[in-house]
1. Rounded, prolate or oblate: which fits segment 246-490 when a ≥ b ≥ c are the square roots of the eigenvalues of the alpha-carbon gyration tensor, with rounded for a/c under 1.5 and prolate only if a/b beats b/c?
2. Find which of 120, 202, 39 sits farthest along the positive direction of the dipole of segment 1-216, computed with +1 on the beta-carbon of Lys and Arg, -1 on that of Asp and Glu, about the Cα centre.
3. Convert 4 °C to kelvin, take the viscosity as 1.567 mPa s, use the Kirkwood radius over C-alpha pairs of segment 1-216 as Rh, and evaluate the Stokes-Einstein diffusion coefficient in µm²/s, rounded to a whole number.
4. Across every pair of different alpha-carbon atoms, what Kirkwood hydrodynamic radius in Å does segment 250-317 reach?
5. For segment 399-503, treating each Cα as an identical point scatterer without solvent, what Debye log10 I(q)/I(0) comes out at q = 0.11, 0.12, 0.16, 0.17 1/Å?
6. Cβ neighbours within 10 Å, averaged per peptide: list 92-99, 352-359, 235-242 in order, most packed at the top.
7. Could the peptides 124-136, 103-115 be put in order, highest first, of the mean number of other beta-carbon atoms found within 10 Å of their residues?
8. Among 442, 49, 101, which residue has its Cα furthest toward the positive end of the charge dipole of the chain, with +1 on Lys/Arg Cβ and -1 on Asp/Glu Cβ?
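Taken together, the values in this text are just the output of simple stated rules run on the coordinates, not laboratory data. Nothing here was measured: the structure is a model prediction, and the numbers come from that model. In this analysis, Cβ positions are derived from the backbone assuming ideal geometry, glycine residues included, and neighbour counts consider all displayed protein chains.
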Amino acid sequence: MGIIIRQGLKNSVVTYAGTAVGVLNVLVIYNKFLTQEQFGLYASAMVSFTTVFASFAQIGLPHITTRYFNRFCNDDTRHNGFLGFLLVTPLIGLFIFTILYLSLQGVFNSIYESKSPLLIQYYYYMLPLTFCIAYISVLESYSKVHLRIVVPAIIRELGLRLSNGALVIAFGLGYISFEQLIAITIFTYVLGIVALLLYIKLLGKLYLTIDWQIYKNPLFKEMYQYGLWVLLAGASFTLIQHVEKIMLPAYDGGLNTTAIFDIASRIALVIAIPRNAIASISLPLLAESWQKNDIAHIEELYKKSSLILFIVGAFLFLGIWCNVDEIFELLPKADIYSQGRWVVFFFGLSKVIDMATGLNSEILINSKYYRYDLAFYVLLAILIVITNLILIPIYSFNGAALAALTSVVVYNGTKFLFIKIKLDLQPFTWDTVKVLALFLGTYFLVLLVPRIGTGFVGNVTTIVIRSVIICVIFGGGVLYFNISDDATKTVKSILRKLRIMKK
């Protein structure tokens, strides 16, 4: 777990920095320089649509890389042409996607033309952006199997977001038109691909040899069958992540309610960042353990990941929810966005529950039962669509968040039972109960802390005081009772480095 914790921690720092840049972009820069319609296109629609499109077009290659790279890994043979395979194969999926995309333009227009004419205007721009996102994902997966996730995260989380913010400022100051803004943004994604290739070269892993024998390898049939299965699962998961932004505009409030949900859910999504980091670096280790049939190591990863993620998720949820009103009051247009406070609660709680169940998807997708992972994603997709259809008309954006919570509870509960029955693995220990007790105890104690004044200074002071109390009670409790060896070692390592820095 040592390398997982180190890489995960670094990745979390980068991702949080990227999140801060993203929040600055959305709350300040985009709001200031873009009209509401332009904001909807640039900040939400184009990214959401192209991310979903790319998840289909890349035909499961990121997951194929994670599962099968160790079968080809050999520097002496330049990984048997595996990188060349990763660069050529997406062209097949992208070609098929392009044909379908252009053929279905009429259907797309009929759905969105009356409500979102700007989306129709920039229909063709989404095609090259889909290509870029697909290749960035594939190259990131190649870096991931070499246990290097930090620099790709810097490129994606910081580089692209900083450039987006700068471009919107340039547009707002009149240096470029909106059409040029879209075009140059797509070009920055091309630069992202180039940057990833240069980083892989610096690692000494840029083996551009194309070994066509891979396609004749007996393993290839298993690879593409696996890829088709995880394609559906991965694409379903990506669609699930964006479904609210697709469905909310169809109901009362339209883009206004979508904006409230978007801002509030972004606050809650901060909780899930460590899970993404830990999962990214754990995947190749799980794949290797399954290949060796090292069930003991898999169980160890399962339990340790569950515990550390529950600790981090609960800690972040406490910090956000206990200060939610003050956080909203610090935002521009607080009277509008503060309506989304219950989105933060429901959406944030769903992330904590997802983290507490550990790396269940990652374990399942690398096992012989990987096909069932698709069934669970389909179950989640059906659940979240049905619950949104029921709850959005009643509770609007709060209904969308409640739908997410309901669906995640059923989804993770079902997966937990499946893994327990089929693999005799489960992530919980008595330490999980200790964390839950600390979580509830800390929450009820912090509720006793009154607001300290009003305005900016009062809000910041209140947030700081409550956050310190959370750190002392919850964080201190985790360390005092040594609930997680990994958490204790990580904190001690950080403290040692801070002492060195002071010297």
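1. oblate
2. Working it through, the farthest residue towards the positive pole turns out to be 202.
3. In µm²/s, the coefficient rounds to 69.
4. 14.4 Å
5. One equal scatterer on each Cα of segment 399-503 leads to -0.62, -0.72, -1.03, -1.06.
6. My ranking of the peptides, most packed first, is 352-359, 235-242, 92-99.
7. The packing order, highest mean first, is 124-136, 103-115.
8. Farthest towards the positive end: 442.
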